[in-house]
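Asks: Questions regarding the structure given below will be posed in turn.
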Amino acid sequence: MIKISFYFKDDNLYRFKVKGHSGFSEHGTDIVCAGVSTLVLNTINSIDAFLEEPIELDEVNQAKGIIDCNLPARFNGNYNDQTSILLKSMIFGLTTLEQMYGEYIFIKHIEK
């Protein structure tokens, strides 16, 4: 199962962690893992390439299916609206996947 944790402070996402593999099907054909990976990596890469907001990858481990991403400026209340839109889009996509494949994805929201 893929476990996704979203960390919020004052309703602003400042960190997210994705951990695990879905087990939907075997490696290379798992559409659930592919969907999660695409949404998460595209969001990280888009923030890094197009926006001037600091982004840190605290842990990346492909074998274990771990991506731990931190946006330190957002924790301190400094953020831009464009980053917020990208993050909301990622959350929307991942939540949709959870609704469709709930036995393979679990999402939790943690408010600081």
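Asks: Mind checking whether some residue in segment 17-40 is of a type in the set (Phe, Trp, Tyr), assigned to a loop (DSSP other than H, G, I, E, B), in contact (Cβ under 8 Å) with a residue 12 or more places away in the chain and within 19 Å of PHE106 (Cα to Cα)?
Replies: For segment 17-40, residues of a type in the set (Phe, Trp, Tyr), assigned to a loop (DSSP other than H, G, I, E, B), in contact (Cβ under 8 Å) with a residue 12 or more places away in the chain and within 19 Å of PHE106 (Cα to Cα): present.
Asks: To continue, here is another question. Given the conditions (1) out of contact with any Asp or Glu (no Cβ under 7 Å at 6 or more places or on another chain); (2) among the aromatic types (Phe, Trp, Tyr); (3) surrounded by fewer than 18 Cβ atoms within 10 Å (Cβ to Cβ), and given that PHE16 satisfies all but one, which numbered condition is not satisfied?
Replies: (3)
Asks: If you check every pair at least six apart or on different chains, which have Cβ atoms under 9 Å apart with a residue in segment 80-109 that is of a type in the set (Lys, Arg) first and a residue that is surrounded by fewer than 18 Cβ atoms within 10 Å (Cβ to Cβ) and in a helix (DSSP H, G or I) second?
Replies: Between residues of segment 80-109 that are of a type in the set (Lys, Arg) and residues that are surrounded by fewer than 18 Cβ atoms within 10 Å (Cβ to Cβ) and in a helix (DSSP H, G or I), there is no close pair.
Asks: For segment 48-112, list the strands (runs of 3 or more DSSP E) that sit wholly inside it and hold at least 1 residues that are within 14 Å of PHE6 (Cβ to Cβ); which are they?
Replies: Those strands (runs of 3 or more DSSP E) span 66-70, 105-111.
Asks: Between TYR79, TYR104, which is of a type in the set (Phe, Trp, Tyr), surrounded by 11 or more Cβ atoms within 10 Å (Cβ to Cβ), touching a helix residue (DSSP H, G or I) at 6+ places or on another chain (Cβ under 8 Å) and farther than 17 Å from LYS9 by Cα?
Replies: Being of a type in the set (Phe, Trp, Tyr), surrounded by 11 or more Cβ atoms within 10 Å (Cβ to Cβ), touching a helix residue (DSSP H, G or I) at 6+ places or on another chain (Cβ under 8 Å) and farther than 17 Å from LYS9 by Cα holds for just one of TYR79, TYR104, which is TYR104.
Asks: Tell me, which residue of segment 61-76 that is surrounded by 13 or more Cβ atoms within 10 Å (Cβ to Cβ) and closer than 26 Å to TYR101 by Cβ is modelled with the lowest pLDDT?
Replies: The residue in question is GLY65.
Asks: Can you name the residue in segment 41-55 that is of a type in the set (Val, Ile, Thr) and in contact (Cβ under 8 Å) with a residue 24 or more places away in the chain and is also surrounded by the fewest Cβ atoms within 10 Å (Cβ to Cβ) among such residues?
Replies: Among those residues, the one meeting the criterion is ILE44.
Asks: When only residues in segment 82-101 that are hydroxyl-bearing (Ser, Thr, Tyr) and under 13 Å from ASN42 (Cα atoms) count, which is surrounded by the fewest Cβ atoms within 10 Å (Cβ to Cβ)?
Replies: Residue satisfying both the conditions and the ranking: SER89.
The values are calculated or read from the model by the stated rules, or taken from the named source; none is laboratory data. As the structure is a computational prediction, the values presented were derived from the model and not from experiment. Neighbour counts run over all protein chains shown; Cβ positions are idealised from the backbone, glycine included.
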